[in-house]
1. On the given criteria, is ALA116 hydrophobic (A, V, I, L, M, F, W, C) and under 50 Å from the mean Cα position of the chain (by Cα)?
2. Among the candidates VAL138, VAL97, which residue alone is assigned to a helix (DSSP H, G or I), β-branched (Val, Ile, Thr) and over 34 Å from the mean Cα position of the chain (by Cα)?
3. Among the numbered criteria (1) loosely packed, with under 10 Cβ neighbours inside 10 Å; (2) modelled with pLDDT of 95 or more, which single criterion is violated by LEU221?
Amino acid sequence: MPRPSLSRNASQRRGKTLAKKTVGAAKSATKTASNLVDKAKSTVQKATSDVDNPALEFTSPSEVEGQLPQFNSEQYKVSDPLKPSEAIPQVTQAEFVSASRIYEGGMRALQLTGKAFDLANQRFQVEGKKAKAFGAGVQAATAFEKVKGDLSDYQIQLQTNQQKSTELGTAKLRTTTAQSIAEETAKEMNEKLAQAQASAELAALQTQEKQTKLAEFKLLLTPQVTKQ
C-alpha cells in the first residue's frame with residue numbers, strides 16, 4: 001500500500017486550517033448579526049417604553065468597518081487558473097452546509113425583525129389615524145352640545161315669548177272688559193237719567209192736573225154773584 005506524500009498531507013492540513021478559519025469567521029459574522037438583532041430589539045423596547053425621550057442608537061460610520069465580516073481578498077488571488085494554490089481558504093461540504101444554514105437563519109431573523117419594524121410603523125400610523133378620528137369625534141360632540149345649548153336657549157326664549165304673549169292677551173282682555181263695563185255703566189246711567197227725567201215730567205203733569213182740579217173745585221165752592 002503506497003504511503004501518502006508529505007506534501008499532500010501538509011496541503012490537507014493547511015486546507016483544514018483555512019476551513020476552520022473560514023467557519024470561525026462565518027460564526028463571528030453570525031454572532032455579530034445576532035448582536036445587531038438583539039441591539040435592534042433593545043432599541044425598539046426602549047423606544048416603546050420611553051416615548052417621551054426616545055434613545056435610538058445606530059452604529060456610527062467609524063464603527064461600520066469593525067462590524068463587517070473579516071475578509072482578505074489576497075487569500076483568494078489566483079495567479080495560474082490551471083494550478084490554483086492550495087492555500088486558498090476552503091471548507092468541506094458539511095462545513096459549507098452548516099455555515100449556510102447559519103447564514104440563512106440569520107437572514108431570516110433579520111427579515112422577521114424588519115417585518116416587526118414594518119408592523120410597528122403601520123401600527124403607529126394607525127394610532128395616529130385613531131387619534132385624528134378621536135379628535136374629530138370630540139369636535140363633533142362639542143359642536144353637537146353647542147347646538148343643543150342653542151336649541152335650549154331657543155326653547156327658553158320661545159316659552160318666554162309665549163308667556164309674554166299670554167300676559168299681553170290677558171291685559172288686552174282686561175282692557176276690553178273694562179271698556180265694555182264702562183260703556184254699559186254709561187248706558188245704565190243714561191237710562192236712569194232718562195227715567196228720572198220722565199218721572200219728573202210725570203210728576204209735573206200730575207201736579208198741574210191736581211192744581212187744575214183744585215182750581216175747579218174752588219170755583220165750585222165760591223158762590224156765584226147774581227146779576228142785579
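The values are calculated or read from the model by the stated rules, or taken from the named source; none is laboratory data. Please read these numbers as outputs of a predicted model, since none were measured by experiment. Cβ atoms come from the backbone with ideal geometry, glycine included; neighbour counts cover every protein chain shown.
1. Numbers: hydrophobic (A, V, I, L, M, F, W, C): yes; under 50 Å from the mean Cα position of the chain (by Cα): yes.
So ALA116 fits the description; yes.
2. On the way: VAL138 fails: over 34 Å from the mean Cα position of the chain (by Cα).
After applying the criteria, what remains is VAL97.
3. Here LEU221 meets the rest and fails (2).
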